[in-house]
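The values are calculated or read from the model by the stated rules, or taken from the named source; none is laboratory data. As the structure is a computational prediction, the values presented were derived from the model and not from experiment. For neighbour counting, all protein chains shown are included, and Cβ atoms are generated from backbone atoms with ideal geometry for every residue, glycine included. Surface accessibility is based on the protein's heavy atoms, side chains included, excluding ligands, DNA and RNA. Shrake-Rupley method; radii C 1.70, N 1.55, O 1.52, S 1.80 Å.
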Amino acid sequence: MNINEIINEIIQGRRMSNAEFRYLHDNADLISLAKAATIVRNNRFPSQISTYVIDRNINYTNICECQCSFCAFYRDKEAEDAYIIDESTLYKKIEEALAMGASQVMIQGGLNSDLDISYFENMFRQIKKRFKITIHSLTAPEIVFLSNKAGISVKETLLRLQGAGLDSLPGGGAEILHDEVRTQISPNKINSTKWLEVMRTAHEIGMKTTATMMLGTVESLDHRIHHLESIRNLQQESSGFRAFIAWTYQPGNSKLIVEKMSASLYLRFLALSRLYLDNFDHIQGSFVTQGPDIGQLSLFFGADDLGSIMIEENVVRSTGTSFILNIADMRQYIRNAGRIPALRDTEYNILETY
């Protein structure tokens, strides 16, 4: 079967195999993949709308025991600039975000032994008491860390946090869901099976999540395909993932030094992800690591969403890379791609079109 035949069958709804992903990745021209991904995206979303969300990424601590080689954000407990956020600062950040139209907060941080599950239960309850905002927060490694510290199951941990106000989980901590890679770049972080267990458990209790992937460290194409297969299989079981978000590793100020992944390779992978992940609705383009121009181009490679304007972002910025758009710029980038900008919430409900 030739490239055009494979692409045409996938556009018609046949599921892509791992071998076909590999073959198309290595042999298909970029424009053909872009066209196919756009057709599949438009079949799912014929309105020509591309969405974004307003939120704030609040890091409650930079103290972390994981010490991943790719992370420039973490600090040892004794470091001069180590911190745990205080309540007044947290509330002020949320107030500022709401004033800018935010509908969600993404609260994440390091694995800090001084903070247990009761700390987050109190935090979430106090946020919900004070503010009308979605708490889309805590990654799978944080959930497992709290579970182990409390000596309770992942399910009990999630239920307690959900009861306190946690609405959904972001997909952070996935990096590459293959333990050959994880043992090299994040040996102290949970393995791929545990990440999938947290997501599966969240879905079982009715908590939606997102799935992420960090491209461009030490992984091979086969590792990336394994990651996609893992989340596609879980989505087939649970339908609990709202979106897939791939972003590229930014070397800088961390221990892991590799060549930065090119924009063309990122866009190729993004288009193929739209074709492969046939049970995912939303594919997000990344301007946070790729910049706004490539983020805009992602709308021609299968993305239907550009994520957040990022009122605050600290982890990628700590590498020396910083791309933050204001609301007007986000809308203009979407319009210039020939699409209709729309503000959404965490659940991808359209709040307003422009």
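Within region 22-45, residues that are assigned to a loop (DSSP other than H, G, I, E, B) sit with their Cβ atoms under 6 Å from residues that are open to solvent by less than 70 Å² (accessible area, probe 1.4 Å), at 6+ positions apart or across chains, in these pairs: A28/I3; F45/D304.
When you go through (1) surrounded by fewer than 20 Cβ atoms within 10 Å (Cβ to Cβ); (2) among the β-branched types (V, I, T); (3) within 30 Å of L351 (Cα to Cα); (4) touching a helix residue (DSSP H, G or I) at 6+ places or on another chain (Cβ under 7 Å) one by one for I3, which number turns out not to apply? Exception for I3: condition (3). Among residues of region 86-116 being among the β-branched types (V, I, T) and within 23 Å of the chain's Cα centre (by Cα), the one that is surrounded by the fewest Cβ atoms within 10 Å (Cβ to Cβ) is I94. Counting only helices (runs of 4 or more DSSP H) wholly contained in region 155-247, the ones carrying 2 or more residues that are at pLDDT 95 or above, open to solvent by 20 Å² or more (accessible area, probe 1.4 Å) and farther than 19 Å from L111 by Cβ occupy 192-204, 221-238. Within region 128-149, is even one residue open to solvent by 10 Å² or more (accessible area, probe 1.4 Å), touching a Leu at 6+ places or on another chain (Cβ under 6 Å) and either assigned to a strand (DSSP E or B) or over 24 Å from M310 (Cβ atoms) (or both)? Yes; the residues of region 128-149 include at least one that is open to solvent by 10 Å² or more (accessible area, probe 1.4 Å), touching a Leu at 6+ places or on another chain (Cβ under 6 Å) and either assigned to a strand (DSSP E or B) or over 24 Å from M310 (Cβ atoms) (or both).
Conditions tested, residue by residue: (1) surrounded by 22 or more Cβ atoms within 10 Å (Cβ to Cβ); (2) modelled with pLDDT under 95; (3) on the phi > 0 side of the Ramachandran plot.
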{"residue": "L267", "(1), (2), (3)": "yes, no, no"}
{"residue": "G295", "(1), (2), (3)": "yes, yes, no"}
{"residue": "E312", "(1), (2), (3)": "no, yes, no"}
{"residue": "I324", "(1), (2), (3)": "no, yes, no"}
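When you check K260 against the structure, is it modelled with pLDDT under 95 and charged (D, E, K, R), yes or no? Considered against the rule, which asks whether it is modelled with pLDDT under 95 and charged (D, E, K, R), K260 comes out as yes.
Residues in region 98-126 that are more than 14 Å from I85 (Cα to Cα) and β-branched (V, I, T): V105, I117.
If you go through region 21-35 one residue at a time, do you hit one that is open to solvent by less than 30 Å² (accessible area, probe 1.4 Å), farther than 21 Å from F300 by Cβ and of a type outside the set (K, R)? No: zero hits.
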